[in-house]
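Below is one structure, written out as structure tokens; comments come after it.
The values are calculated or read from the model by the stated rules, or taken from the named source; none is laboratory data. Nothing here was measured: the structure is a model prediction, and the numbers come from that model. Quick reminder, even Gly has a Cβ in these numbers, built from the backbone with ideal geometry, and neighbours come from all protein chains shown. Protein only, heavy atoms only, side chains kept; ligands, DNA and RNA dropped before computing areas. Shrake-Rupley method; radii C 1.70, N 1.55, O 1.52, S 1.80 Å.
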Amino acid sequence: MQLTLQPYKQIQGTYVHIPFCRQKCLYCDFNSYAGFGADVMADYAAAVCREIAGRKSKLPVNENASIYFGGGTPSLLPLEQTAQIVSALKKYGYWQNPREASIEANPGTVDLKKLQALRQMGFDRISFGVQSLNDAELKTIGRVHNAAEALEAIELAKQAGFKRINADVIYALPGQTLTSLKNTLMQLVATGIEHLSVYGLIVEDGTPLQKLVDAGKIILPDEDESADMYEFVQEFLAVQGFERYEISNYARGGAYSRHNLVYWHYYPYAAFGAGACGFNGIARFTAKANVSAYINAVNSGADLYDTENLTPAVQFEEFMFMGLRKKSGINLMEAKERFGVDVMAKYGAALHPFAAKGLVQTDEETGTLRLTQAGMEVGNQIFEIFVTD
């Protein structure tokens, strides 16, 4: 008789990092690079396949483990190389019967033929980096597509057979107004897509955007304007039937991102590619970020990963941070089972002031602790309760 392992004792998702971009956006601090040609992309795909073949996972891979190709711009990778990586994932058991197989794409990097080929490979969800449907805003942040190309990409994805489509949107962009944000969201909702990821712009240290803002060459919306945009996003999407099921993610018809839920549930996941970070429940493994260094390390058999061993206290802290991002919150029984912590006994007093203000709620029937809609606005203050000294 085969024992059924708990979800947190199995690999529940696999991430593949494709670090190539046509042009680096001004705000981006992700591990991505512009300017690489077809030869490097071919060498990179071959190295990813070798990494997959050489991985010895101590945890079993759940047969329904999700797949996610992120970047960078995975849609820039030639189809031949994408197919090679997909084939390796299938051969070595990471791609079996995934609950979701998702790929990121940027408008202007796909046509109907490429989208049809991706769908035939088994990808059933696609995520477009739209960010805005205002051409002036797109140009200011260094995006290489325009609004028409973004809307066309969504329509082509539908024609190719993708029924699960996400669009990423950023608010508080340079020069953005409440009206232009409303126009972007109205047009995206009108396409019929069932998922939106909506983020406030963060000016990351060391990015070109930071330098331009510091020099006064780019002016961002002020705090009041940003707050108005945030409130509008919540109110507008709720009226349109989108459930805010995670702090920055909205879905209608229950079309949640099944792969991202793996992260928010704090389940183990495998990861392949330059700078990719995997998690086995007690440690994180991050591959070399530089493309050439990654390829050389894989090909030579040199040490590829930086390992971060997590103490039980840090594991619990991260479980709380990730789980409380979800509208459904964290399961108190699971917290006790996985980490030996009675959350309410240990943290109930610290949580009480937030509960009194209607920012957190416990549900005895479901045994959960969660942030309310208002609580999501001040989530970081609540997360600090669980920070390990």
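So the check is Cβ under 8 Å with 6+ separation or different chains; which pairs have a first residue in the stretch 108-127 that's under 22 Å from Asn260 (Cβ atoms) and a second one that's open to solvent by less than 30 Å² (accessible area, probe 1.4 Å) and of a type in the set (Phe, Trp, Tyr)?
Leu115/Phe162; Arg119/Phe162; Gly122/Trp95; Phe123/Phe69; Phe123/Phe162; Asp124/Phe162; Arg125/Phe162; Ile126/Phe162
Which residues, taken from the stretch 346-366, are outside any helix (DSSP H, G or I) and exposed (fewer than 14 other Cβ atoms within 10 Å of the Cβ)?
Listed by number, the residues that qualify are Lys357, Gly358, Asp363, Glu364, Glu365, Thr366.
Would you point out the residue of the stretch 272-281, among those that are surrounded by 20 or more Cβ atoms within 10 Å (Cβ to Cβ) and of a type outside the set (Gly, Ala, Ser), that is nearest to Gly93 (Cα to Cα)?
By that ranking, first place goes to Phe272.
Taking the stretch 181-190, which residues are surrounded by fewer than 15 Cβ atoms within 10 Å (Cβ to Cβ) and of a type outside the set (Gly, Ala, Ser)?
Passing the criteria: Lys182, Met186.
Scan the stretch 150-157 and give yes if some residue there is over 25 Å from Ala274 (Cα atoms), among the β-branched types (Val, Ile, Thr), out of contact with any Asp or Glu (no Cβ under 6 Å at 6 or more places or on another chain) and at pLDDT 95 or above, otherwise no.
The answer is yes, given that some residue of the stretch 150-157 is over 25 Å from Ala274 (Cα atoms), among the β-branched types (Val, Ile, Thr), out of contact with any Asp or Glu (no Cβ under 6 Å at 6 or more places or on another chain) and at pLDDT 95 or above.
Filter the stretch 319-337 for residues that are open to solvent by 50 Å² or more (accessible area, probe 1.4 Å) and part of a helix (DSSP H, G or I) and give the result.
Phe321, Met322, Met333, Lys336, Glu337
Go through the stretch 282-312 residue by residue and tally those that are surrounded by 14 or more Cβ atoms within 10 Å (Cβ to Cβ), among the hydroxyl-bearing types (Ser, Thr, Tyr) and over 17 Å from Gly72 (Cα atoms).
The number of residues fulfilling the criteria is 1.
Give me the pairs, please: first residue somewhere in the stretch 290-319 and in contact (Cβ under 8 Å) with a residue 60 or more places away in the chain, second residue anywhere and of a type outside the set (A, V, I, L, M) and part of a strand (DSSP E or B), beta-carbon distance under 9 Å, and either six or more positions apart or on two chains.
Cβ pairs passing all conditions: Val291/Phe20; Val291/Tyr33; Leu304/Phe285.
Just to be sure I understand, how many residues within the stretch 72-82 are under 16 Å from the mean Cα position of the chain (by Cα) and open to solvent by 10 Å² or more (accessible area, probe 1.4 Å)?
The number of residues fulfilling the criteria is 1.
Of the residues Leu156, Leu118, only one is open to solvent by less than 10 Å² (accessible area, probe 1.4 Å), assigned to a helix (DSSP H, G or I) and in contact with a Leu (Cβ under 9 Å, 6 or more places away or on another chain); which?
It is Leu118.
Looking only at residues that are in a loop (DSSP other than H, G, I, E, B) and among the β-branched types (Val, Ile, Thr) in the stretch 137-153, which one is surrounded by the most Cβ atoms within 10 Å (Cβ to Cβ)?
Per the criteria, the residue is Ile141.
Here is a list: Tyr250, Tyr230, Tyr269. Which entry is of a type in the set (Phe, Trp, Tyr), without any contact (Cβ under 8 Å) to a residue 60 or more places away in the chain and either open to solvent by 20 Å² or more (accessible area, probe 1.4 Å) or more than 27 Å from Gly54 (Cβ to Cβ) (or both)?
Exactly one of Tyr250, Tyr230, Tyr269 is of a type in the set (Phe, Trp, Tyr), without any contact (Cβ under 8 Å) to a residue 60 or more places away in the chain and either open to solvent by 20 Å² or more (accessible area, probe 1.4 Å) or more than 27 Å from Gly54 (Cβ to Cβ) (or both), namely Tyr250.
If you go through the stretch 41-51 one residue at a time, do you hit one that is open to solvent by 50 Å² or more (accessible area, probe 1.4 Å) and at pLDDT 90 or above?
Within the stretch 41-51 (the criterion being open to solvent by 50 Å² or more (accessible area, probe 1.4 Å) and at pLDDT 90 or above), the answer is yes, since at least one residue qualifies.
What residue, of Ala302, Ala270, is within 30 Å of Val86 (Cα to Cα) and modelled with pLDDT under 95?
Ala302
Is it true that Ala283 is in contact (Cβ under 8 Å) with a residue 24 or more places away in the chain and closer than 18 Å to Tyr15 by Cβ?
yes
Just checking, how many residues over the stretch 52-70 are open to solvent by 10 Å² or more (accessible area, probe 1.4 Å) and either of a type in the set (Gly, Ala, Ser) or at positive phi (or both)?
Of the residues in the stretch 52-70, 3 are open to solvent by 10 Å² or more (accessible area, probe 1.4 Å) and either of a type in the set (Gly, Ala, Ser) or at positive phi (or both).
Can you tell me which residue is farthest from Asp111 (Cα to Cα) among those in the stretch 163-180 that are out of contact with any helix residue (DSSP H, G or I) (no Cβ under 6 Å at 6 or more places or on another chain) and open to solvent by less than 10 Å² (accessible area, probe 1.4 Å)?
For the stretch 163-180, the residue satisfying everything is Val169.
Can Asp342 be described as open to solvent by 60 Å² or more (accessible area, probe 1.4 Å), free of Cβ contacts under 8 Å to residues at least 24 places away in the same chain and touching a strand residue (DSSP E or B) at 6+ places or on another chain (Cβ under 9 Å)?
Criteria not met by Asp342.
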